[in-house]
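Report on the structure given below.
Just so it is clear, none of the values below were taken in a lab; they were calculated from the coordinates. For clarity, every value in this text was computed on a predicted model and none was experimentally measured. So basically every Cβ, Gly included, is an ideal-geometry build from the backbone, and we count neighbours across all protein chains shown.
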C-alpha cells in the first residue's frame, strides 16, 4: 500500500512519526510506503544559507534527532556558530540555529550551489536520517524557491515581513492582513509529487496549519487538481481542538483569511477533495461539508503512542472510505 | 610613525603579536600605527564558504583568540558542524574547521555575497577583534580572488591541487614541482596597500614563508614596485634557522623553486628592495646580497616576549637604516 501525506512542520512531523510507528507495529501494514510532500513556503535564507524549516523538522523528527521539547531543531544542540555571528553583528538575532543544524544548512546550500535541485538535496538529507530504509520518500512541494510573506499593518502602513519573522520574532501577535507566497506564480510541483498523490491508496492531511502549511502546498499549480482527481480518499486531521490550535498560531492565520477557527471551517477549506475528517472529541458536533465523513477521537499527540493511535485512526478511515 | 608589514599565517601573526606588544610597551613608540598586508593565496572555498586562513590567523592571534598550540583556528573550539558535515558525507575531511571558526566563514561569505569586497569584509572582522583600537589596519593583498595551486607529480602524471590540500592533507611531503597562483594575472592590490608601503617609515617582512606567503604577495602587480620605490627601509626576518623552517614547510617550497634553504638565499629573493635582514645566531655567517645589512640574534618565537624582542630588533634595524 502507498500513503501520501502533505505536511507542514512540527504537527505534521509528529503525526508522521506516529504514522510510521503505527505502520511498523502493524504486521499487515508493514510493507506500506509513504510519500511526504513537505511545505517549503517557510523556507528562508539566513546568514546566506538556505534553511527549510518544515522539511528539516520532518527529517529530524523521523530521524529521532529532533529537539522534542522545542519540536524543531536538533536534540543536544550547541550554539557556538550563533554566538560568533552575534559577536560579528550579523542579524537576525531572533532566529537561533544550533551548530548541528548549521551543518544541515551548510550542506544544503553547498549542494544547491552546485546545481542540485531541492528535491535532490532533500533526498540526500533523507538518506542521512534513514528515511528510505523505512519506506519513506520526502519530497518538497516544489523545487522552485518560494517564500511566504505576511502583510502587516503595525501603524507605519502596510508592509510585508517574511513568514518566519512574523512567526518567530513577532510570535504571530501582530495581526496578519494577508499572506503572499512570493514565487508561487512560477512554482511547479517537484518531480514525483503529482504521481504520489494520484497513485496513493490513501492521502492524509496531518494536523498541519491549514493556511501557511497545507494551504501553501495546495497553492502549487496542479497539486489541488491532483487531490481532486486522485482515486484515493483524502482524509484530514483537524489542527484545531475546541477552536484553538494545539500548537502554533493556526487561529491567527485563519483570522487573516477570514475563516472562523473551528474544525468544521478548516474542513471547508478542503471541501473540493476531502472525504474524511478526524476531529477531537470536543468538536464531535462540528459541521463539515456534505460528503465528508466525520469521526472524532482524542487528538492530543502527547507522545509517539498517542500520535500512532491518531495516525492509525486517520489511516483506518481512509481504508474504510476506499473500501479496503 | 607608521609601520607596514607583509604577512602570511602563523609565523607572521606571531611576529605581529610580538610587534604590537613591543610597541605598547615602548612609550616612545606608542603612537605607531601598523598596516598589515595579508596573503590571500591560501584562500579556499570549503563547504561553499570562503575561508581566508592567513587573514584569520592574523585576526585571531592579534585578537587573543587563537588556538596557541595549533597556531591557527580559535581557542576552546567545538566541532559540531564539522561532525554533522561528515555525517552528511560532505568532503573534505582533511580540513577540520571549528564551530566558532565557521561563524567567521559564514559571516564572510554572507558579506561577500552581499557585494562587499574582501577588504570591507576584513575590516568588519578586524573590528570584531579590536585591531583598529590598537592602531592596526589589516588589508588583504588583493580583493581579487586568487588561489595558490601546487603542481605535483605523484606518478599519474603532473596534476595540480589546492595549496591547502598539499599543505594540510599531504603535509607538503609530495614534492611540489611548482606553484601556480590562479587569478594572479588579473589581481590588483587592495585599496590602501600600495599607499601603506609607500608612506611607511619602516616596512617589515615577518618570518613568513618566502614562497607561498611573502612570495605570493610580491606577485600582485605593483606591490614589488612599491617596495622598490618606498623611502622606507625594508627589513626582513629569516623564516629559516640553520636551513630549516622554524615551523611549516618553507624548505619544501624553496626546493620547488630551486632555491637553497639558507637564510641568505631567502634574502636574495628580496634583493631588489631589501635593506636589512635579521637572522638567527646560528646563521650569523650567512651570505646576503650587497647592500643588505645583516644582523643576528635568537629567532625562536617561543612566547609573546620572545616575539616582541625579535620584532623590536627588526624595527630598530629599520629605524637605524632610516636614520631615525
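Numbers below:
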| read-out | value |
| --- | --- |
| Packing-based exposure ordering (other Cβ within 10 Å, fewest first) of A:94, A:167, A:111 | A:94, A:111, A:167 |
| Angle in degrees between helix A:10-25 and the longest Cα principal axis of chain A, rounded to the nearest 10 | 50 |
| Calculated over the stretch B:173-324: convex hull of Cα atoms, volume per residue (Å³) | 117 |
| Per-peptide average of other Cβ atoms within 10 Å, ordering B:202-209, B:263-270 highest first | B:202-209, B:263-270 |
| Inverse of mean 1/r across different Cα pairs in the stretch A:217-263, Kirkwood, Å | 12.5 |
| Descending semi-axes in Å of the stretch B:156-199, equivalent ellipsoid built from Cα gyration tensor | 31, 13, 9 |
| When the convex hull of its Cα atoms is projected in every direction, mean area for the stretch A:191-238 (nm²) | 3.2 |
| P(r) weight above 26 Å for the stretch A:36-177, C-alpha pairs, percent | 27 |
| Peptides ranked, highest mean first, by Cβ atoms within 10 Å: ranges A:218-231, A:187-200 | A:187-200, A:218-231 |
| Cα long-axis angle, helix B:53-62 against chain B (0 to 90 degrees, to the nearest 10) | 60 |
| For the stretch A:131-207, average projected area of the Cα convex hull in nm² | 7.4 |
| The protein assembly as shown: Cα Rg divided by the 2.2 N^0.38 Å rule of thumb | 1.21 |
| Mean Cβ count within 10 Å, highest first, over the residues of peptides A:289-299, A:74-84 | A:74-84, A:289-299 |
| Kirkwood estimate for the stretch B:28-94, i.e. one over the average of 1/r between Cα atoms, Å | 14.2 |
| C-alpha long axis of helix B:118-128 to longest principal axis of chain B, angle in ° | 80 |
| Alpha-carbon centroid distance for the pair the stretch B:190-237 / the stretch A:36-89, whole angstrom | 46 |
| Cα-based Kirkwood hydrodynamic radius, the stretch A:1-52, one decimal, Å | 12.6 |
| Shortest-first nm distances, residue A:198 label point to equivalent points in other copies (7 Å, Cα→Cβ) | 7.0 |
| Within 10 Å of each Cβ in B:84-97, the average number of Cβ atoms from other chains | 3 |
| 10 Å binning of all Cα-Cα separations within chain B, expressed as whole percents from 0 upward | 6, 28, 37, 23, 6, 1, 0 |
| Label 7 Å beyond Cα on the Cβ vector: residue B:257 copy-to-copy distances, nm | 6.6 |
| Compactness of the stretch B:283-324, expressed as Rg and Dmax over alpha-carbon positions, Å | 11.8, 33 |
| Label geometry 7 Å along the beta-carbon vector: residue A:91 inter-copy distances in nm | 4.0 |
